[in-house]
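Notes follow once the structure below has been shown.
The values are calculated or read from the model by the stated rules, or taken from the named source; none is laboratory data. In this text, all values refer to a predicted model and were calculated from it rather than measured experimentally. No Cβ is skipped: glycine too gets one built from the backbone with ideal geometry, and neighbour counts run over all protein chains shown.
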There are 2 protein chains.
Amino acid sequence: MTSPDDRPYHHGDLRRVIIDTAIAMLDEPAGPQFTLREVARRAGVSHAAPYKHFPDKAALLTEIALIGFERLREALAAGSAGAPPGAVPALVGMARAYLEFGASNPALYRLMFGAGMDRSLHLSGRAMGAFDEVIGLLERGQAEGVIRPRPVRGQAAACWAQMHGLTLLALDGLLLPEKVGDGAVDAALSVLLEGLAVDPARWVQGHG
Amino acid sequence: MTSPDDRPYHHGDLRRVIIDTAIAMLDEPAGPQFTLREVARRAGVSHAAPYKHFPDKAALLTEIALIGFERLREALAAGSAGAPPGAVPALVGMARAYLEFGASNPALYRLMFGAGMDRSLHLSGRAMGAFDEVIGLLERGQAEGVIRPRPVRGQAAACWAQMHGLTLLALDGLLLPEKVGDGAVDAALSVLLEGLAVDPARWVQGHG
DNA sequence: CACCTATGTTTCCACTGTCAACTTCTGCAT
DNA sequence: ATGCAGAAGTTGACAGTGGAAACATAGGTG
């Protein structure tokens with residue numbers, strides 16, 4: 001005896017509900033293969049209603065990916081802001097924030113970088129904000145004299161590649177201790193820092 | 001005027017043909033979303049025939065991914081074997097082979113590491129052979145005294161993460177010069193070598 | 001030769017993404 | 001207030017999908 005369909009004809013905020021529902025469904029077994037009809041079902045609307053807000057399923061996925069990039073940018077900014085003073089600790093904080101973002105949003109992360117995304121998506125300003133966070137921090141580090149003076153975009157690429165790779169390997173369960181030893185993430189971060197910092201020994205402790 | 005259906009009832013080698021066809025279709029727009037029915041169509045058999053060889057589509061994709069790991073292992077072995085003497089050049093050769101494998105087999109590479117793969121797949125011996133190539137090379141480098149004496153599995157994780165990340169960013173078109181400068185791949189490799197090698201300056205030329 | 005089993009085929013089902021036509025609201029100009 | 005255009009939702013269709021079931025054929029073994 002649920003309420004006898006006093007649901008209004010117009011949902012009022014369907015677009016948002018569709019996006020939220022879809023993001024939630026991303027982390028279910030089906031992943032991004034979730035069904036548009038099931039989204040509609042959970043939102044309590046007819047199976048064709050979503051088409052009033054998104055031309056097709058790909059458009060919905062693209063929108064979700066963009067939201068993911070915005071969240072990532074916020075997470076990175078927070079991660080570097082919450083670190084001890086100095087560009088290198090900020091970089092470490094940002095790296096940990098990146099990894100945690102991936103671990104907390106596995107399917108979303110995969111969607112953002114996965115196949116099927118429009119190539120131009122990654123180049124859009126909305127998606128590039130996260131990359132700019134890294135570049136800004138590296139520039140600051142060079143200005144402080146703690147990051148080696150090299151082309152900053154190359155360094156950023158190295159950072160991003162390392163973070164991206166670590167995140168995905170972790171998501172794939174490839175960083176299990178039995179395969180890669182304990183503290184593989186820390187080890188990889190150390191290698192990265194040793195490649196970037198002017199005085200690695202100052203930041204990387206315990207060469208064990 | 002094609003031959004009037006002299007096709008024998010039994011295909012003879014359907015399993016192999018299905019796998020080959022599927023691998024070929026992987027690099028078409030649909031990617032791993034290719035249709036099992038289309039595979040059957042191209043193989044010239046009925047749409048249900050593939051089910052005699054694979055319990056479902058996921059099983060076919062898993063088999064393909066395993067084949068991919070084997071090919072990757074071969075490519076890595078060849079890449080290091082074809083390099084100048086010494087563990088560090090071999091490592092560089094292996095790195096380039098890794099990147100080229102990804103660039104040459106984008107969809108296959110994504111499939112191998114993508115979501116939806118059984119977690120246990122990556123842990124299987126068939127898939128871990130590639131990882132062992134890296135570990136063996138690093139051990140050799142440490143024995144030669146050219147790779148820093150650190151836990152080798154951690155170093156391997158760093159290598160793999162960097163390669164994995166670079167490969168995927170490249171596939172996503174994120175390493176375009178306009179975003180990341182020229183030679184981003186080389187820059188990232190340099191950072192990695194500077195983090196691994198005992199005497200980086202000996203291997204990494206041109207700081208600037 | 002007869003028959004068992006692996007491999008293929010046909011037929012069927014529930015379900016999907018998407019479209020078109022229809023209905024019901026909401027907002028705005030009058 | 002009124003009336004109407006268009007946005008937002010609904011219903012019902014369609015072709016195509018993955019998969020199951022039942023049937024057909026062929027090759028190999030007694």
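So that you can scan it fast, the table gives a plain yes or no per residue for (1) under 18 Å from the mean Cα position of the chain (by Cα); (2) within 12 Å of DNA strand D (Cβ to nearest atom); (3) assigned by TED's automatic domain parsing to the domain that holds B:Thr167:
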| position | (1), (2), (3) |
| --- | --- |
| B:Gly44 | no, no, no |
| B:Glu70 | yes, no, yes |
| B:Glu74 | yes, no, yes |
| B:Gly79 | yes, no, yes |
| B:Pro89 | no, no, yes |
Legend entry - Of the criteria (1) of a type in the set (Val, Ile, Thr); (2) surrounded by fewer than 21 Cβ atoms within 10 Å (Cβ to Cβ); (3) at the interface with chain B (Cβ under 7 Å from one of its Cβ atoms), which one A:Ile135 fails: (3)
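Out of A:Arg140, A:Arg148, A:Arg126, which single residue is more than 7 Å from every other protein chain (Cβ to nearest Cβ) and touching a Phe, Trp or Tyr at 6+ places or on another chain (Cβ under 7 Å)?
Values: A:Arg140 fails: touching a Phe, Trp or Tyr at 6+ places or on another chain (Cβ under 7 Å); A:Arg148 fails: touching a Phe, Trp or Tyr at 6+ places or on another chain (Cβ under 7 Å).
None of the others qualify; the one that does is A:Arg126.
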Inset, instruction - Residue by residue through region B:77-95, note down the ones that are more than 18 Å from B:Val146 (Cβ to Cβ) and surrounded by fewer than 17 Cβ atoms within 10 Å (Cβ to Cβ). - result: B:Ala78, B:Gly82
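Do we have any residue at all in region A:60-76 that's loosely packed, with under 13 Cβ neighbours inside 10 Å and not acidic (Asp, Glu)? Full working, then the answer.
In the first step, residues of region A:60-76 are kept if they are loosely packed, with under 13 Cβ neighbours inside 10 Å; the result is none.
Checking region A:60-76: not a single residue is loosely packed, with under 13 Cβ neighbours inside 10 Å and not acidic (Asp, Glu).
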Inset, instruction - Would you be able to say whether some residue in region A:163-177 is under 23 Å from B:Leu175 (Cβ atoms), facing another protein chain (nearest Cβ under 7 Å) and surrounded by fewer than 22 Cβ atoms within 10 Å (Cβ to Cβ)? - result: yes
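Can you tell me which of A:Ala103, A:Ala59 is more than 16 Å from DNA strand D (Cβ to nearest atom), within 28 Å of B:Leu174 (Cα to Cα) and not aromatic (Phe, Trp, Tyr)? Can you show your working first?
Values: A:Ala59 fails: more than 16 Å from DNA strand D (Cβ to nearest atom).
Result of the check over A:Ala103, A:Ala59: A:Ala103.
Yes/no matrix, rows are residues, columns are (1) within 14 Å of chain B (Cβ to nearest Cβ); (2) surrounded by fewer than 17 Cβ atoms within 10 Å (Cβ to Cβ); (3) within 10 Å of DNA strand C (Cβ to nearest atom):
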residue	(1), (2), (3)
A:Arg42	no, yes, no
A:Val45	no, no, no
A:Pro50	no, no, yes
A:His53	no, yes, no
A:Ala58	yes, yes, yes
Inset, instruction - Considering only region A:134-162, state which residues are under 30 Å from B:Gly116 (Cβ atoms) and at pLDDT 95 or above. - result: A:Val134
Inset, instruction - With the checklist (1) free of Cβ contacts under 8 Å to residues at least 60 places away in the same chain; (2) more than 14 Å from B:Leu174 (Cβ to Cβ); (3) in contact with an Asp or Glu (Cβ under 7 Å, 6 or more places away or on another chain); (4) not β-branched (Val, Ile, Thr) in hand, flag the one item A:Gly181 doesn't pass. - result: (3)
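Condition (residue is touching a residue at least 12 places away in the same chain (Cβ under 8 Å) and farther than 21 Å from B:Arg110 by Cβ) applied to region A:100-117: is it met by at least one residue?
As a first pass, look at region A:100-117 and keep what is touching a residue at least 12 places away in the same chain (Cβ under 8 Å): A:100-103, A:105-114, A:116-117.
If we keep only those that are farther than 21 Å from B:Arg110 by Cβ as well, we get A:100.
Among the residues of region A:100-117, at least one is touching a residue at least 12 places away in the same chain (Cβ under 8 Å) and farther than 21 Å from B:Arg110 by Cβ, which makes the answer yes.
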Legend entry - Residue check, B:Arg119 facing chain A (nearest Cβ under 7 Å), surrounded by 16 or more Cβ atoms within 10 Å (Cβ to Cβ) and of a type in the set (D, E, K, R): no
